[in-house]
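The structure appears below as structure tokens.
The values are calculated or read from the model by the stated rules, or taken from the named source; none is laboratory data. Fair warning: this is a prediction, and the values are worked out from it, not measured in the lab. Positions of Cβ are backbone-derived with ideal geometry, glycine not excepted, and every protein chain shown enters the neighbour counts. Heads up: the accessible areas ignore ligands, DNA and RNA and are worked out on the full protein's heavy atoms, side chains in. Shrake-Rupley method; radii C 1.70, N 1.55, O 1.52, S 1.80 Å.
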Amino acid sequence: MTLVVALVLLVGLGAGSLLLPVPYLVAAPGLTVDTLGEVREEPVIQVEGARSYEHDGSLSMVTVQYAGGPQHRLDFLTVVTAWLSPTQAVLPEELLFPAGRTPEEVTERQTVQMNDSQTEATAAAFNELGMEYEAVPAVGGTVEGMPAHGVVEEGDLILAVDGEPVPTEGGGGSEGPVGSAAVVEMVGDREPGDPVELALERDGEAVDVEITAEEDESGGAAVGVLITDRMDFPVDVEITVGDIGGPSAGMMFALGIMDRLSEESLTGGADVAGSGTIAADGRIGGVSGIQQKMVSARRDGAEYFLVAADSCSQVSQSAAYGELDVVRVETLTDAVDALEAIRAGEDGLPRCE
């Protein structure tokens, strides 16, 4: 009788433990959104101020659907089931919800990243098309405890560094970085203890400041200024994707904008998906969740998948590996060249090693 009671209790405890909440997330294939199509009967990309074109084919951004989180924790059984699934992944909760940040703060940050990625994508597309625009670097904030804190103010425009004007005219065949990227390059060769002279515009008035660089965590020089760009584009580009956040759609936004502004189709009618961040200078950065995004892309009919070189290590781990033609890209120019090769039916597209 003792053994029977103990066994019943053990089984009960084991079954109960399967329903205990655990601090893990489950990542699953999410939505695909064709940047050349519509969301809620609204075009994803709308252009005003220039002729817009519509072409066959698709250039789809891909998402990951996450379940779990501090306010909706999953039970152990659900996590184990997801761990055994070939299309899902189990991740520590802190990867998406860092300690000290509320879910609302995480959502707000993802919204900001999405908005920034759309601006960067527009600049990158204009650069690739040779269309001129203006990018004026501005102070987005300062890091408390760093030299710039209390010296520069949010909203200050950065006009010059050490007396050298900051280039702001992008596109149209311009060479070198502009705006915030130019400021970073202009102060990038400093050593801790070196002075940095900034010519600013504050509320319409000229202000000159000198800041002494300090050593940062990596041993380099830093002053603690967070820089953003105030973009002035000759064409209005509006992007609508609904309740989706994060920066990983940047590359596909840039390609979608280019397709809208180009008389010739970028895809030639092919169905292309992809994922990667974008910088105004065209650099494409890696993102997480490629395994699930490839499954989503294949599920929704994509033939090709553009992946940032930094994300190549994730490709072979996807359940859709071998079912998609995966193309490795490092810059927006690489992506455009790959699409040109796809249109022409050429072989030899760059792959992940």
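Which of (1) in contact (Cβ under 8 Å) with a residue 24 or more places away in the chain; (2) open to solvent by less than 30 Å² (accessible area, probe 1.4 Å) does VAL106 not meet, given it meets every other one?
Evaluating VAL106 over (1) in contact (Cβ under 8 Å) with a residue 24 or more places away in the chain; (2) open to solvent by less than 30 Å² (accessible area, probe 1.4 Å) leaves (1) as the failure.
May I ask you to list the residues in region 295-335 that are part of a helix (DSSP H, G or I) and open to solvent by 50 Å² or more (accessible area, probe 1.4 Å)? Can you show your working first?
Narrowing region 295-335 to residues part of a helix (DSSP H, G or I): 295-299, 309-317, 332-335.
Matches in region 295-335: ARG298, ARG299, ASP310, SER313, SER316, GLN317, THR333, ASP334.
Among the numbered conditions (1) modelled with pLDDT of 90 or more; (2) surrounded by fewer than 15 Cβ atoms within 10 Å (Cβ to Cβ); (3) closer than 19 Å to SER275 by Cα; (4) not aromatic (Phe, Trp, Tyr), tell me where VAL112 comes up short.
(1)
Have a look at ALA148, ALA125, ALA160, ALA121 and point out the one that is open to solvent by less than 50 Å² (accessible area, probe 1.4 Å), modelled with pLDDT of 95 or more and closer than 24 Å to GLY193 by Cα.
ALA160
For ARG343, are the conditions met, namely being part of a helix (DSSP H, G or I), closer than 28 Å to TYR53 by Cα, open to solvent by 20 Å² or more (accessible area, probe 1.4 Å) and in contact with a Leu (Cβ under 6 Å, 6 or more places away or on another chain)?
no
Scan region 181-193 and report the pairs whose first residue is loosely packed, with under 13 Cβ neighbours inside 10 Å and whose second residue is at pLDDT below 85, with Cβ atoms within less than 7 Å and a gap of 6+ or a chain change.
Matching pairs, first to second residue: GLU191/ALA221.
Taking the options GLU120, GLU154, name whichever one is within 20 Å of VAL225 (Cα to Cα), part of a loop (DSSP other than H, G, I, E, B) and either free of Cβ contacts under 8 Å to residues at least 60 places away in the same chain or of a type in the set (Asp, Glu) (or both).
Only one candidate qualifies: GLU154.
Please work out if ARG283 is basic (Lys, Arg), more than 16 Å from the chain's Cα centre (by Cα) and open to solvent by 30 Å² or more (accessible area, probe 1.4 Å). First the steps, then the outcome.
Working: basic (Lys, Arg): yes; more than 16 Å from the chain's Cα centre (by Cα): no; open to solvent by 30 Å² or more (accessible area, probe 1.4 Å): yes.
For ARG283, the condition - basic (Lys, Arg), more than 16 Å from the chain's Cα centre (by Cα) and open to solvent by 30 Å² or more (accessible area, probe 1.4 Å) - is not met.
Keeping to region 266-280, report how many residues are of a type outside the set (Val, Ile, Thr) and in a loop (DSSP other than H, G, I, E, B).
Total meeting the criteria: 7.
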